[in-house]
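Derivation of every value follows stated rules applied to the coordinates shown; laboratory data play no part. Nothing here was measured: the structure is a model prediction, and the numbers come from that model. Here the Cβ positions follow ideal geometry from the backbone for every residue, glycine too, while neighbour counts run over all protein chains shown.
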């Protein structure tokens, strides 16, 4: 449970807005992509689950913006899973610029798992993967 | 078949990039949204079709960029359908700035309809809607 | 200060992801666009300020996801400004589906104003607009 | 001039839409990012040029969509520069899926270079880089 997963990125120019820095919403994309890569790493396929009717959904997100990323910046996003309750899990995530490790964003995401009807539903494979 | 459908928009700041103008890819979003609104207008539900396994897909797009849109600009996107063959249809689309009608983008999009297996498939309701 | 600004939208299909609902990051776009329209409404031009070197920046965002929006949904985003300190301001924002007013997202955004060097800087026109 | 530049990517889930495949506009993002990386590779900084008032702009884009990318797909985008005239340059670009090299998109992009006033303007460093 204490494993920290890390993924490295480089800013793409289209992710920057007219202030010349990465648009705020794009940090959510970086965080989401890192979570999905982490899930793949532990054997969970987000798209396949969606196709089968199990939705991993975000219930709450908190993000502290510490410093903006700019065109061409390299950065690292990490992801650490915390089981909060049988049906709630948290992801603690940080974005740091590379190579100087300057803090960019600190985030906490609370998620859950539902079925097509919107009811709480946790498939055994996720329950197991998130407990190991 | 000669009906021209029109939809008005306003630039959202997050659609602009570090050059201070709307990012090129976003014009494709404007064109797509206008096509989908046009389809809804003639009784075709893009998302419902996708859910049922019929995909309306773009095969080719040509876009001429005539002048850039900026923050706060108002603009109009139009859409005119041309049946090219039983399984191919074209959309002629233009974007003009409002209120001065300055040409922004001229585009031609060629689309077709396929099933989940990627094979050509045109449901009767689309065939009919596109023929009227 | 207690004025509530409201803006109505309709979901665009490209804003939905493979789960068939609006992608989480796009709600941040809706919130941002509403804030910028609110700023324009009270006489503040976000893009012009950026061009002149004054950046209105988000420091922290909290979002509770209550229910997802789907293709074609209509929705309303509101925005209420709260002055937190001379250099910090908060925006309380809600997204509700139309016409049934179902709660979709509840958000709180903390922002500040900086100059090109990243130092706190509040132009008098913003100070005045945010105090009235 | 005949050098072919290549960049490898992996599909991010947020780039897929409700059809379960990469949204059409995102291929433009992939193409643009690859062009900008190519420009960086030959010593041209797109964002710095924009900051100094020289805009490299797209005048025309043609894209043939051959097959869609899906969640988790790996793919390669290439970029080959062709000087069309003193002030016009073309980029021939292809997207292929990895590792099977299945053709995904074939594109041709025509660009030019303008100054802040929108007038044709080619800085010597670009002229030289594009001639070598």
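State whether the protein assembly as shown is rounded, prolate or oblate according to the following rule on the C-alpha gyration tensor (a ≥ b ≥ c being the square roots of its eigenvalues): a/c under 1.5 gives rounded; otherwise a/b larger than b/c gives prolate, and the remaining case gives oblate. Here the protein assembly as shown falls in the rounded category.
The gain in end-to-end length when the residue A:102 to residue A:115 segment is fully stretched comes to 0.7 nm, 0.36 nm per residue minus the alpha carbon separation.
Please say if segment A:81-132 is rounded, prolate or oblate, where rounded means a/c under 1.5 for a ≥ b ≥ c the square roots of the C-alpha gyration tensor eigenvalues, and otherwise the choice is prolate for a/b larger than b/c and oblate otherwise? Because a/c hits 1.5 or more and a/b exceeds b/c, segment A:81-132 counts as prolate. Each label was represented as a point 7 Å from its Cα along the Cα-to-Cβ direction; for residue C:85 and residue B:67 these points are 4.7 nm apart.
Rank the residues B:55, C:101 as a footprinting-exposure proxy: fewest other Cβ atoms within 10 Å of their Cβ go first. Please list the in-between numbers first.
On the way: B:55 19, C:101 11.
Exposure proxy ranking, most exposed first: C:101, B:55.
Just so you know, the Cα atoms of segment D:20-64 work out to an Rg and Dmax of 12.7, 40 Å. With label points set 7 Å from Cα along Cα→Cβ, the inter-copy distances at residue A:129 are 3.6, 4.2, 4.6 nm, sorted shortest first. Can you tell which of A:72, A:88, A:97 shows the greatest fluctuation in a Gaussian network model of chain A with Cα springs below 10 Å? In the Gaussian network model the winner is A:72. Take residue A:74, move 7 Å from Cα toward the beta carbon, and the resulting point lies 2.0, 4.8, 5.1 nm from the same point in each other copy, nearest first. Just check chain B against the gyration tensor rule for me: Cα atoms, a ≥ b ≥ c as the square roots of the eigenvalues, rounded for a/c under 1.5, and otherwise prolate or oblate depending on whether a/b exceeds b/c. Because a/c hits 1.5 or more and a/b exceeds b/c, chain B counts as prolate.
Label points for residue D:48 are taken 7 Å from Cα along Cα→Cβ. From this copy to the others they lie 3.3, 4.6, 5.5 nm apart, shortest first.
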